[in-house]
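Enquirer: So that we are looking at the same thing, I have put the structure below in structure tokens.
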Amino acid sequence: MTTSSELLDLSPVMPVVVLDEAEVAPDVARALLAGGIRTIELTLRTPAALAAIEKVASQVPDIVVGAGTVTTPRQAADAADAGAAFLVTPGTTESLLDAVTATGLPFLPGAATVSEAMRLTERGLDTLKFFPAAASGGPAALKAFAGPLPQLTFCPTGGVSVANAPDYLALSNVGCVGGSWLTPGDAVAARDFERIEALAKECSALAA
């Protein structure tokens, strides 16, 4: 099983994907793979999300599929049952942290402040999601986090774009960034998988 820290090494950008139709999920995942992206976070923001996770897990085994926007213990359990290989939370309450830990899956718990990050370190965690990244201070904030908390590694998400991703990736405490621009809603709706593949290739090049 991939560890939380290894998740951040799979690709420089973790696609944050919202799908209204589960049927399109495998083709989206294949397009990302073809572009060099090896992981996909399917957010639990639509009724189709769990079915989409199940389809990607069973039909596209070469990509590591996770569930994002996990906000309740029930969602954590349901995502694990659907075949998610990892979980991502936007923030972290004690009950949610207990629930995602209980699944046995690697996870990226959300934190936006030094205090939240410190509380997660007390639970033995060292790989976190920084959300909402832009609204919480962006690269400057994460650079400041590195002083008192050098042991932590982050995946910043929220307001990250292909334009500012390099600013985050240049930081010593950033393993990858999360972004929704790889799978634009209009491209998914039009089944424009070539465009998604092209965007994925652009993001894969950020690792150079």
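Enquirer: Kindly indicate whether any position in region 177-193 is in contact with a helix residue (DSSP H, G or I) (Cβ under 9 Å, 6 or more places away or on another chain), hydroxyl-bearing (Ser, Thr, Tyr) and closer than 29 Å to residue 22 by Cβ.
Expert: Within region 177-193, one or more residues are in contact with a helix residue (DSSP H, G or I) (Cβ under 9 Å, 6 or more places away or on another chain), hydroxyl-bearing (Ser, Thr, Tyr) and closer than 29 Å to residue 22 by Cβ.
Enquirer: Criterion first (among the acidic types (Asp, Glu), out of contact with any Cys (no Cβ under 6 Å at 6 or more places or on another chain) and surrounded by fewer than 21 Cβ atoms within 10 Å (Cβ to Cβ)) does residue 23 satisfy it?
Expert: It is true that residue 23 is among the acidic types (Asp, Glu), out of contact with any Cys (no Cβ under 6 Å at 6 or more places or on another chain) and surrounded by fewer than 21 Cβ atoms within 10 Å (Cβ to Cβ).
Enquirer: Filter region 83-100 for residues that are in a helix (DSSP H, G or I) and either β-branched (Val, Ile, Thr) or within 15 Å of the chain's Cα centre (by Cα) (or both) and give the result. Give the steps one after another, and end with the answer.
Expert: Filtering region 83-100 for residues in a helix (DSSP H, G or I) gives 94-100.
100 - this is the single residue of region 83-100 that is in a helix (DSSP H, G or I) and either β-branched (Val, Ile, Thr) or within 15 Å of the chain's Cα centre (by Cα) (or both).
Enquirer: Name the one entry in 191, 119, 195 that is modelled with pLDDT of 95 or more, closer than 20 Å to residue 13 by Cβ and not acidic (Asp, Glu).
Expert: Working: 191 fails: closer than 20 Å to residue 13 by Cβ; 119 fails: closer than 20 Å to residue 13 by Cβ.
Going through 191, 119, 195 in turn, just one is modelled with pLDDT of 95 or more, closer than 20 Å to residue 13 by Cβ and not acidic (Asp, Glu): 195.
Enquirer: Tell me, which helices (runs of 4 or more DSSP H) lie completely within region 13-82 with 2 or more residues that are in contact (Cβ under 8 Å) with a residue 24 or more places away in the chain, charged (D, E, K, R) and over 25 Å from residue 94 (Cα atoms)? Steps first, answer last, please.
Expert: Details: elements: 25-34, 49-59, 73-82.
Answer list for region 13-82: 25-34, 49-59.
Enquirer: OK, next. Say whether the condition of being under 24 Å from residue 101 (Cα atoms) and not basic (Lys, Arg) is met by at least one residue in region 19-38.
Expert: Let us first name the residues in region 19-38 that are under 24 Å from residue 101 (Cα atoms), namely 38.
Next, only the ones that are not basic (Lys, Arg) stay: none.
The answer is no; no qualifying residue exists.
Enquirer: Mind listing whichever residues of region 26-63 are touching a strand residue (DSSP E or B) at 6+ places or on another chain (Cβ under 8 Å), buried (at least 24 other Cβ atoms within 10 Å of the Cβ) and among the hydrophobic types (A, V, I, L, M, F, W, C)?
Expert: Across region 26-63, the qualifying residues are 28, 29, 32, 37, 40, 42, 44, 49, 52, 53, 56.
Enquirer: Kindly list, by first and then second residue, each pair from a residue in region 133-158 that is outside any strand (DSSP E or B) and β-branched (Val, Ile, Thr) to a residue that is crowded, with 19+ Cβ neighbours inside 10 Å and at pLDDT below 95, limited to pairs with Cβ atoms under 9 Å and residues at least 6 apart or on different chains.
Expert: none
Enquirer: So in region 173-186, with the set limited to residues that are free of Cβ contacts under 8 Å to residues at least 40 places away in the same chain and assigned to a loop (DSSP other than H, G, I, E, B), which one is nearest to residue 106 (Cα to Cα)?
Expert: Residue satisfying both the conditions and the ranking: 173.
Enquirer: Which residues, taken from region 17-76, are in contact with a helix residue (DSSP H, G or I) (Cβ under 7 Å, 6 or more places away or on another chain), of a type outside the set (A, V, I, L, M) and under 18 Å from residue 195 (Cα atoms)?
Expert: 26, 27, 35, 36, 39
Enquirer: Could you list all residues from region 99-135 that are surrounded by fewer than 16 Cβ atoms within 10 Å (Cβ to Cβ) and among the basic types (Lys, Arg)?
Expert: Listed by number, the list holds a single entry, 123.
Enquirer: Let me ask you something else. Could you go through region 164-172 and let me know if any residue there is assigned to a loop (DSSP other than H, G, I, E, B) and in contact with a Leu (Cβ under 6 Å, 6 or more places away or on another chain).
Expert: Quick first cut of region 164-172, residues assigned to a loop (DSSP other than H, G, I, E, B) only: 164, 170-172.
Within this subset, residues satisfying the condition of being in contact with a Leu (Cβ under 6 Å, 6 or more places away or on another chain) are 171.
Yes, there is a match, as at least one residue in region 164-172 is assigned to a loop (DSSP other than H, G, I, E, B) and in contact with a Leu (Cβ under 6 Å, 6 or more places away or on another chain).
Enquirer: Could you list all residues from region 117-132 that are part of a loop (DSSP other than H, G, I, E, B) and over 14 Å from the mean Cα position of the chain (by Cα)?
Expert: 123, 124, 125, 126
Enquirer: Go through the residues of region 107-116 one by one and say whether even a single one is assigned to a loop (DSSP other than H, G, I, E, B) and touching a Lys or Arg at 6+ places or on another chain (Cβ under 8 Å).
Expert: Kept after step one, since they are assigned to a loop (DSSP other than H, G, I, E, B), are these residues of region 107-116: 109, 112-113.
Still in the running and touching a Lys or Arg at 6+ places or on another chain (Cβ under 8 Å): 109.
Among the residues of region 107-116, at least one is assigned to a loop (DSSP other than H, G, I, E, B) and touching a Lys or Arg at 6+ places or on another chain (Cβ under 8 Å), which makes the answer yes.
Enquirer: If only one of 205, 200, 190 is surrounded by fewer than 22 Cβ atoms within 10 Å (Cβ to Cβ) and closer than 24 Å to residue 5 by Cβ, which one is it?
Expert: Working: 200 fails: surrounded by fewer than 22 Cβ atoms within 10 Å (Cβ to Cβ); 190 fails: closer than 24 Å to residue 5 by Cβ.
None of the others qualify; the one that does is 205.
The values are calculated or read from the model by the stated rules, or taken from the named source; none is laboratory data. The structure presented is a predicted model; accordingly, all values stated were derived computationally and were not measured. Ideal geometry is used to build each Cβ from the backbone, glycine not excepted, and the neighbour counts take in all protein chains shown.
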